[in-house]
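Notes follow the structure.
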Amino acid sequence: MYTGIAQDPQERLKQHLQGKGSRYVASRRPAKIIYTEVVGSLSEALKREAQVKSWNRSNKIKNLRLNLA
């Protein structure tokens, strides 16, 4: 499960699907966006990304279920 930040998530996904950008996603295609958040600044985005990346897979899935319910 990949976590990252982008100003244009659809464009970033397109890059990933073309094998550009993250080696992690390039080696695990196909990729799809399952959740996005809008934040007020790059600083907030970086902090949130670090927080989510610190979670283990089961915590990420649990939080996704809560946010998508």
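What shape does the chain take by its C-alpha gyration tensor, where a ≥ b ≥ c are the square roots of the eigenvalues and a/c under 1.5 counts as rounded, a/b above b/c as prolate, and the rest as oblate? Don't skip to the end; give the middle numbers.
Numbers: a/c = 1.69, a/b = 1.26, b/c = 1.34.
The shape class here is oblate.
Loop only per DSSP, at most 15 neighbouring Cβ atoms within 10 Å: give me the chymotrypsin sites (Phe, Trp or Tyr not before Pro) in region 1-59, ordered by residue number.
Values: sites: TYR2, TYR24, TYR35, TRP55; in loops: TYR2, TYR35, TRP55.
Passing both the DSSP loop test and the Cβ count: TYR2, TYR35, TRP55.
So for the chain, if I pair up every lysine 8 or more residues apart or on another chain, how many of those pairs have alpha-carbons under 17 Å apart?
Values: LYS14/LYS32; LYS20/LYS32; LYS32/LYS60; LYS47/LYS60; LYS53/LYS62.
For the chain, the number of qualifying lysine pairs is 5.
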Report summary line: For the chain the GluC sites (Glu not before Pro) that pass both the DSSP coil test and the at-most-14 other-Cβ-within-10 Å test are GLU37
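In the chain, which longest range has no trypsin sites (Lys or Arg not before Pro) that are both DSSP loop (not H, G, I, E or B) and surrounded by at most 16 other Cβ atoms within 10 Å?
Values: sites that count: LYS20, ARG28, LYS32.
Between exposed loop sites, the widest span is 33-69.
Any read-out appearing in this document is the output of simple, stated calculations on the displayed coordinates, not a laboratory observation. Computed from a prediction, not measured in an experiment: that's the story for all the values here. As a convention, Cβ positions derive from the backbone with ideal geometry for all residues, glycine included, and neighbour counts pool all protein chains shown.
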